[in-house]
Amino acid sequence: MHGLIDTHAHLDEIEQIDTVLKNARQLGLEAIIAVGQDLNSNLKIIEIVSHYPGFVYPAIGLHPWAIGNMDPYDLASNISYIRQNLPVAQALGEVGLDYDKRVLKTAGKDVQKDVLRQLLEISVEFNKPVSFHSRYAWKDSLALIKEVGVKRLVFHWYTGFSSTLRELVEAGYYISATPAAEYHDEHRRAVREVPVDRLLLETDCPVPYGRENKYTSQPSDVLRSLKAAAEIKGIDEKELAMQTTMNAKRLFGL
């Protein structure tokens, strides 16, 4: 299958990166959006991109999981780096809100929202698309995104409410399918309900997937995302591959 795009990959966490990316090329991937989570992650992403121009594209961000471990100086440094370097990145990401109780213990809702607002305002200033993380925070996320005026955004690995999904589609945003679409009920529902012109593919690698037979994902597993999404939607795989690639190019300006 040629021309697929993995729109959300943590390449800085992948071992044997040269072999993994060579395999991805051989299996027909056209591009990968490599997302960052904090300053160190962003720097690693930029370094990886320098070795794979035209194949790997950088998104720099600040994950809500990272916020709770930062003092005010570190937080300001991370945001400053993003402001200075987002103009030459492909997108802002990974950023978002996470209301899992383990995350809220170190980074409360108000803190997360304040940081996210600053980051989204930077994305609007430089007219960059956003790769967005939301867990148990879908309504708050969408409200803040719309309030700030973000025009281009993907909710990666969406598992939220159908009502919020309809709202985000109406607002012109996207969701992405991961290999979890093979078995995760809420994610499968979202993939089923989203229009094909608002669907992307991703892996979130090296996240582990599977229930009985677990495996550590890599960019080539975007093929699994494609196959699962095509089965859910009853669409030919080649047709869906072309559509999702066109969607990704439109969103990320590739």
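The values are calculated or read from the model by the stated rules, or taken from the named source; none is laboratory data. Note that the coordinates shown come from a computational prediction; the quantities given were computed from them, not determined experimentally. Ideal geometry is used to build each Cβ from the backbone, glycine not excepted, and the neighbour counts take in all protein chains shown.
Looking at the stretch 32-53, which of its residues are within 17 Å of residue 156 (Cα to Cα) and either touching a residue at least 60 places away in the same chain (Cβ under 8 Å) or basic (Lys, Arg) (or both)?
32, 33, 35
Give the number of residues within the stretch 195-246 that are over 17 Å from residue 56 (Cα atoms), polar (S, T, N, Q), modelled with pLDDT of 95 or more and surrounded by fewer than 24 Cβ atoms within 10 Å (Cβ to Cβ).
Residues in the stretch 195-246 being over 17 Å from residue 56 (Cα atoms), polar (S, T, N, Q), modelled with pLDDT of 95 or more and surrounded by fewer than 24 Cβ atoms within 10 Å (Cβ to Cβ): 2 in total.
Any idea how many residues of the stretch 81-130 are outside any helix (DSSP H, G or I), acidic (Asp, Glu) and loosely packed, with under 15 Cβ neighbours inside 10 Å?
1
For the stretch 212-220, indicate whether the set of residues that are touching a helix residue (DSSP H, G or I) at 6+ places or on another chain (Cβ under 7 Å) and over 19 Å from residue 9 (Cβ atoms) is non-empty.
no
Which members of the stretch 97-142 meet the condition of being in contact with an Asp or Glu (Cβ under 7 Å, 6 or more places away or on another chain), of a type in the set (A, V, I, L, M) and closer than 23 Å to residue 10 by Cβ?
97, 137
If I ask for residues that are assigned to a helix (DSSP H, G or I), free of Cβ contacts under 8 Å to residues at least 12 places away in the same chain and over 14 Å from residue 195 (Cα atoms), which ones from the stretch 228-238 would you list?
Correct list: 231 only.
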